[in-house]
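Here is the structure we will look at, set down as structure tokens.
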Amino acid sequence: MTIIERRPPCGTTSGREWTSLPIARLRYAKAAKTWTLYWRDPNLRFHLYDRLPRSAHVEDLLMEIDRDPTCVFWG
């Protein structure tokens, strides 16, 4: 599952497209029944977010993305 940031067009010119950028990726390991969080670098590559352990609860990962203590998700 990939978390996407959507932004409206800048300015007042109509007909411009919204922009979309991937922010984070969540992976579920079925055998372990855990979720893992990944962050995206400026080159659009995803890396393991090692400041949070795997979790059985996806909400834990979503809260970390929202908190963004390292500024890798929202800047």
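General observations
- Pairs with Cβ under 9 Å, 6+ apart, first in segment 4-26 and at pLDDT below 85 and surrounded by 10 or more Cβ atoms within 10 Å (Cβ to Cβ), second of a type in the set (Val, Ile, Thr) and in a strand (DSSP E or B): PRO9/THR19
- Those strands (runs of 3 or more DSSP E) lying entirely in the chain with at least 3 residues out of contact with any Lys or Arg (no Cβ under 7 Å at 6 or more places or on another chain) and of a type in the set (D, E, K, R): 2-7
- All positions within segment 52-69 that are touching a residue at least 24 places away in the same chain (Cβ under 8 Å) and more than 14 Å from TRP39 (Cβ to Cβ): ARG54, VAL58, ASP60
The values are calculated or read from the model by the stated rules, or taken from the named source; none is laboratory data. Note that this is a predicted model, so its numbers are computed, not measured. So basically every Cβ, Gly included, is an ideal-geometry build from the backbone, and we count neighbours across all protein chains shown.
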